[in-house]
Amino acid sequence: MAKHIINLTVNERKEQLEVPAHLTLLRMLRENLALTGTKNGCEAGECGACTVLLNGEPVNSCMVLAVECDGAEVMTVEGLTENGALDALQKAFIEENAIQCGFCTPGMLISAFALLQRNPKPDEIVIKEALVGNLCRCTGYERIVKAVKDAAVSSGRTR
Amino acid sequence: MKDSTTFPKLVGSDVLRVDVREKASGAAVFTDDIQFGNNLLHARIKRSPHPHALIKSIDTRKAEALPGVKAVVTGDDFPGKIGLYLKDRNIIARDRVRFIGEPVAGVAAVTEEIAEKALDLIQVEYEPLQAIFHPLDAIKPGAPLIHPDLGDYEVANFIFPKPGTNISNHFKVRKGDTEGAWKSCAAVVEREYYIPHIQHVPIETHVAVAEVSHSGKITLWSSSQSPFAQRDLIAKTLGVQTCDIRVIAHFVGGGFGCKAGVTMEALPIVIGMKVKGQPVKLRLTREEEFYTNFVRQALVIRLKMGCDKDGNMLAMENTMHWDGGASTEYGVNITRAGGYSCTGPYDIPNVKADSYCVYTNNTIGGPYRGFGMSELHTGIEQCVDELADEIGIDKVEFRLKNVVQGGDILATGMLMHPTGIKECIQKVAKAIDWGKQSQPSAPHKLRGKGIALMWKAPAMPPNPGSSATLKLNEDGTLLLGVGGQEIGQGAFTVAAQLAAATIGLPMDRVRVAWPVDTDYSPYEWQTVASRITWSMGNAVMAAANDVRKQIFEIVAEAWNENPEDLDILDGVVISKRTEKEIPLKDFAVYGIPKENYDGWIGGPIYGRGKFMPTYVTGLDKETGQGKRAVVHYTTGAQAFEVEIDSQTGKLEVIRAATAFDVGKAINPDLVKAQMEGGLVQGLSSALFEQMIFKDGEMQNPNFVDYRIATSVDLPKEILTFIVEVPQDDGPYGARGVGEHPMVPTIAGIANAIHDAASIRMQGPPFTAEKIYLAIQDQKK
C-alpha cells in the first residue's frame with residue numbers, strides 16, 4: 001500500500017507522518033497521534049462526533065483523507081485547552097450541565113468554537129443551525145445551545 | 001428516612017458532575033480510546049444475509065490462509081447458549097440463522113481491512129427457511145417455528161414460554177370481572193395501535209476488546225452498562241469460573257439499554273481464545289449498530305376501556321403482542337413488565353391483560369430506556385383521551401379522577417405506595433395553560449394541546465443487588481467504590497454526593513474510583529431500570545454509615561465518650577456533649593495516640609454497604625396476582641402545545657411541560673437534565689424514528705434515512721417540574737427517573753395532534769408526510 005509523507009500542524013504543533021493513502025484524518029488523529037478526544041461515531045459524515053477544524057473550518061474528520069492535510073492546520077478538542085486551562089466554551093458547557101455521556105461533546109465544542117470564530121454574537125437560531133450536524137442523544141440540545149450563548153456573552157475571545 | 005428539614009445540605013444540591021471536566025476537555029477515556037499498541041488484533045464478523053435459514057456448511061480455510069489473519073471462529077467452537085432471562089441465543093450461530101445480521105463467523109487479523117477481506121473468503125452454504133416478520137403471523141397455527149427447541153432452554157422461574165409455538169412468554173393479569181363490567185359502562189372505546197421498531201442510537205457504537213491470557217484469565221474492556229452481568233453470563237456460557245473473567249468498563253458514550261446484558265461483547269472473547277495473549281478489538285460500524293444488536297421491539301396493542309357515566313373507569317382489556325425478534329433472552333422480561341404495568345397509572349377494578357412475547361425473524365428486541373413503557377403508554381394514553389371524549393369529560397379532569405393513588409390495590413394485587421402523580425398532572429396542565437385556546441401563528445396553521453401520564457417500575461428480577469465501598473484516606477478524604485456505571489446520567493456524581501452528605505464531608509473530599517472494574521469494584525447487578533440512585537444509593541449510604549460507625553468507635557474510645565454523642569461536620573468529628581473536635585485528617589489511617597502516647601487507638605477504615613430488595617414476591621402464572629409485583633413506581637406527566645402547518649404537515653412543539661415524582665431529587669439539576677434529554681428523545685421517536693424492514697432487512701441503517709432529533713427540532717420551550725413524594729426505602733426518599741421522561745411523549749404528542757387537527761394515526765412516527773395525508777383524508 002502506497003504511503004505518503006505529510007507535514008501538518010495539529011494543535012499548534014508541527015507533525016510529520018507517514019500515512020497510507022486511504023487513512024482518514026479521523027483515524028490519523030486517533031491512531032497515529034493518540035488524540036482520542038475526537039470521536040468516531042459513524043465514519044460516514046453523518047453524526048459530527050469527529051468534527052475538527054481544518055484550516056479554521058469545521059469538518060467531519062472521517063470524511064477527509066490524511067494525505068489531503070499536507071500543509072494544513074488542524075485543531076482538535078485537545079487544542080481548545082491552553083496550558084491546561086479550559087476555554088470559555090468548555091467552562092460554559094460545564095456550568096450549564098450541557099454534558100451527559102460526553103461522547104458528542106468534543107465535536108459539539110469544535111462546531112461551536114468555529115461558529116463563535118465567524119460570528120462572536122450569534123442568536124439562538126444561528127446557534128441551533130450551526131450545531132445541526134452534531135448529533136447528541138442524551139441532552140436534548142437545550143443546555144448545549146444555552147452554553148454556546150453563555151460563552152458568546154462571556155468571552156468574545158478569538159484565537 | 002429523615003424528615004426533609006434534617007437533610008444534609010448536599011442532598012438536594014446542584015453540585016457539578018464529577019466527570020464533567022474530563023468530558024469537556026476531551027480527555028475522558030471511552031473504550032475505543034484505550035491504547036493497546038501494536039499487539040492489538042482487529043475483529044470483524046461474518047453475518048447472515050438470510051432472515052431464516054439452516055447453515056449447511058461453513059468453509060473457513062481460504063480465510064485462514066489469508067496473510068495477516070490470526071484466527072477464525074465459528075459457532076461450533078462455542079456451543080453454549082447465552083441469555084439474561086431465557087438462554088435462547090448462541091454467541092455465534094450454529095445450525096440455523098434467525099435474523100439478517102446474526103454472526104456466523106468471526107475473524108481476527110492484524111488490520112481491520114484484512115479482517116474484512118477474510119470475511120469475503122468464508123464460504124457459508126445456507127438452506128433458506130420460511131421467515132416471519134410480524135408477531136400476529138408468528139402466532140398463527142402452522143407458522144414455522146423459529147426456536148423448535150424452546151422447551152429445552154434454561155429460563156428464569158417468572159418467565160413462561162410455550163414450547164411448540166413462537167411464544168416465549170405469556171404474562172396474564174386477571175382481576176375482577178371485565179365481561180360483567182362492560183354492561184355497567186356508559187362509554188367503551190376499543191382501539192389498536194402499532195408502535196414500530198426503533199434503535200437506541202448511542203453516538204458511541206458498541207466496542208469491546210478481549211484478551212485471553214495463557215493462564216486462562218479473560219480480560220474484557222467493554223462499553224457496558226452491565227460489567228458484572230456480562231462477567232456472569234459469559235462465564236456461565238463458556239463454562240469458566242466467574243473469577244477468571246475481569247470486565248473493565250470505562251465511560252459509556254450513551255447506553256439507553258442497548259449496552260445492558262450481553263450483545264456483541266462475547267465475540268472478541270471467543271475469537272481471543274484462539275490467539276491467547278493478544279488483545280482483540282471489535283467495534284461495531286454504525287450500520288451494524290442499527291440492526292445487529294438490541295433494538296426496541298415493535299408492539300401491536302389492542303385496548304378496550306370503559307367507564308361509567310361519571311367517568312369512573314370500570315374495566316380494561318389489554319392484549320399486547322411484542323415483536324421480540326430472533327432472540328427474546330431479554331425481551332421476555334419486557335413483555336412481563338408490560339403485563340404487570342398494563343393499566344398504566346390508573347385505578348381500574350376489572351382488568352384482563354395478555355402480554356405475549358413473540359419470536360419473529362426481525363432483529364433482536366432488547367431493553368430500551370423504560371422498556372415496554374413507551375410502547376404501552378402510547379396505546380393507553382391515546383385510548384384514555386378517546387374515552388374521556390366519548391363520555392364528555394375534560395381529559396385532565398378525567399385523568400385526575402381515575403389516576404392511581406397511594407392505598408389503591410393495583411391490577412396485580414399490590415398495594416400502591418404514596419405517589420405525586422396528581423401534582424404532576426396539575427403542574428404540566430397549568431404550565432401549558434390547559435383549557436385555554438391559543439391563536440395559531442398563521443391562518444393555515446393549527447394549534448392543539450395534549451397531555452399524557454406514565455408510570456414505571458424498575459423492571460428487573462425480584463432480587464438484584466448493589467454494593468459500595470469507602471476507603472478513608474490518610475488526609476481524611478474518601479475513595480468511593482461502586483459497580484454502577486456512569487452512562488451520562490450522573491450516577492457517579494449522585495453516589496459521591498450521597499457518600500459525602502451521609503458521612504459529613506464536603507463534596508471535594510470524595511472521589512469515585514473509575515473505571516468500573518469487576519476485579520476491584522463492588523458488585524452491582526446492572527445499570528438499568530432507573531435503579532441506580534435508589535439501589536446503589538442505598539448501598540452507598542450503608543457504606544457511609546459503616547464508615548461513620550467505625551470513626552465514632554475510635555473517637556469515642558479516645559475521648560472516653562459515647563459514640564451517640566458524636567457527629568461529623570465538614571470533615572471534623574465533633575462531640576455534641578463536650579464540644580471537643582478533631583479533623584478526620586488527624587487520625588484517618590494512623591489513629592489517635594492514647595494519653596502520654598501510652599499506645600494507639602484506630603487503624604485504617606474501610607466501609608462497606610449493600611442493598612437488595614427482599615420483599616418482591618412471585619406472581620401467579622394464571623392471574624398475575626401476588627403480594628408485591630415490583631419495588632415501586634415512579635410516576636409523571638407531560639403536556640404539549642403543538643402547531644401544525646396544514647399545508648405541509650410539519651409539526652412544531654410550542655411548549656412542552658414535564659413533571660415527575662422522583663421522591664427526592666438528590667441533584668435537582670441532574671434530574672432536570674434527564675427530564676429534558678428524555679423528552680427530546682421521546683419527541684424524536686414520536687416524530688421521526690422507525691426502522692424500516694423489508695423481508696427482515698433494514699432499509700435505513702444510517703443517519704440520513706433514520707433521522708433522529710437535532711438541535712433545530714427542539715421545542716420552543718421546555719418546562720420541567722420536580723415533584724417529591726418520598727420513597728420509604730430510597731436514599732433520603734429518592735427513586736429513579738432516568739428512563740421515565742421519554743415514556744409519555746409519543747402519546748402526549750399524538751393527543752396534541754388530535755386536539756389540533758382531529759386526526760389519529762395508528763402509530764408513530766408522526767412525520768410531516770403522515771400528518772399531511774391524515775389531514776387530507778379527514779377532509780374527504
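The values are calculated or read from the model by the stated rules, or taken from the named source; none is laboratory data. What you see is a predicted model, and the numbers here were worked out from it, not measured in a lab. No Cβ is skipped: glycine too gets one built from the backbone with ideal geometry, and neighbour counts run over all protein chains shown.
Quick rundown of the values:
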read-out	value
Tally of residues being surrounded by 21 or more Cβ atoms within 10 Å (Cβ to Cβ), at the interface with chain B (Cβ under 7 Å from one of its Cβ atoms) and within 18 Å of B:Pro715 (Cα to Cα) across the stretch A:94-135	2
Elements of type strands (runs of 3 or more DSSP E) in the stretch B:6-94, at least 3 residues being in contact with an Asp or Glu (Cβ under 8 Å, 6 or more places away or on another chain)	B:41-47, B:53-59
In the stretch B:634-650, the residues that are touching a strand residue (DSSP E or B) at 6+ places or on another chain (Cβ under 8 Å) and surrounded by fewer than 24 Cβ atoms within 10 Å (Cβ to Cβ)	B:Glu643, B:Asp645, B:Ser646, B:Lys650
Within the stretch B:183-260, strands (runs of 3 or more DSSP E) holding 1 or more residues that are hydroxyl-bearing (Ser, Thr, Tyr) and within 27 Å of B:Leu299 (Cβ to Cβ)	B:187-195
Selection within the stretch B:695-723 - over 25 Å from B:Glu641 (Cβ atoms) and either crowded, with 20+ Cβ neighbours inside 10 Å or in the same structural domain as B:Gly490 (by TED's automatic domain parsing) (or both)	B:Gly696, B:Met698, B:Pro701, B:Phe703, B:Tyr706
Subset of the stretch A:42-53 (residues that are touching a helix residue (DSSP H, G or I) at 6+ places or on another chain (Cβ under 7 Å) and either facing chain B (nearest Cβ under 7 Å) or over 15 Å from A:Ala130 (Cβ atoms) (or both))	A:Cys42, A:Glu43, A:Ala44, A:Gly45, A:Ala49, A:Cys50, A:Val52
Within the stretch A:94-133, tally of residues that are within 14 Å of the chain's Cα centre (by Cα) and assigned to a helix (DSSP H, G or I)	14
Subset of the stretch B:255-282 [more than 26 Å from A:Gly102 (Cβ to Cβ) and polar (S, T, N, Q)]	B:Gln278
Qualifying strands (runs of 3 or more DSSP E) (wholly inside the stretch A:1-93; at least 2 residues being over 13 Å from the mean Cα position of the chain (by Cα) and surrounded by fewer than 18 Cβ atoms within 10 Å (Cβ to Cβ))	A:3-10, A:13-20
Criterion (out of contact with any Ser or Thr (no Cβ under 7 Å at 6 or more places or on another chain), under 21 Å from B:Phe171 (Cβ atoms) and either assigned to a helix (DSSP H, G or I) or of a type in the set (Gly, Ala, Ser) (or both)) met by exactly one of B:Ile348, B:Ile334	B:Ile334
Count of the stretch A:69-86 residues which are more than 9 Å from chain B (Cβ to nearest Cβ) and of a type outside the set (Gly, Ala, Ser)	7
Qualifying residue in the stretch A:123-138 (condition: in contact with a Gly (Cβ under 7 Å, 6 or more places away or on another chain), farther than 24 Å from B:Thr658 by Cα and not assigned by TED's automatic domain parsing to the domain that holds A:Arg13)	yes
The stretch A:84-106, residues that are in contact (Cβ under 8 Å) with a residue 40 or more places away in the chain and touching a helix residue (DSSP H, G or I) at 6+ places or on another chain (Cβ under 8 Å)	A:Asp87, A:Ala88, A:Leu89, A:Lys91, A:Ala92, A:Phe93, A:Glu95, A:Glu96, A:Asn97, A:Ala98, A:Ile99, A:Pro106
Residues that are surrounded by 24 or more Cβ atoms within 10 Å (Cβ to Cβ) and among the hydrophobic types (A, V, I, L, M, F, W, C), drawn from the stretch B:511-524	B:Val516
Filtered residue count, the stretch B:7-21, keeping only those that are surrounded by fewer than 21 Cβ atoms within 10 Å (Cβ to Cβ) and either without any contact (Cβ under 8 Å) to a residue 12 or more places away in the chain or among the β-branched types (Val, Ile, Thr) (or both)	2
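So that you can scan it fast, the table gives a plain yes or no per residue for (1) in contact with a His (Cβ under 9 Å, 6 or more places away or on another chain); (2) farther than 27 Å from B:Arg336 by Cα; (3) away from chain A (no Cβ under 14 Å); (4) assigned to a strand (DSSP E or B):
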position: B:Gly609; (1), (2), (3), (4): no, yes, yes, yes
position: B:Val616; (1), (2), (3), (4): no, no, yes, no
position: B:Glu622; (1), (2), (3), (4): no, no, yes, no
position: B:Thr635; (1), (2), (3), (4): yes, no, yes, yes
position: B:Glu643; (1), (2), (3), (4): no, yes, yes, yes
position: B:Glu652; (1), (2), (3), (4): no, yes, no, yes
position: B:Asp669; (1), (2), (3), (4): no, yes, no, no
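Conditions (1) modelled with pLDDT of 95 or more; (2) away from chain A (no Cβ under 14 Å); (3) in a loop (DSSP other than H, G, I, E, B), marked per residue:
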site	(1), (2), (3)
B:Gly682	yes, no, no
B:Gln690	yes, yes, yes
B:Asn700	yes, no, yes
B:Asp705	yes, no, yes
B:Ile708	yes, no, yes
B:Val712	yes, no, no
B:Ile722	yes, yes, no
B:Gly736	yes, yes, yes
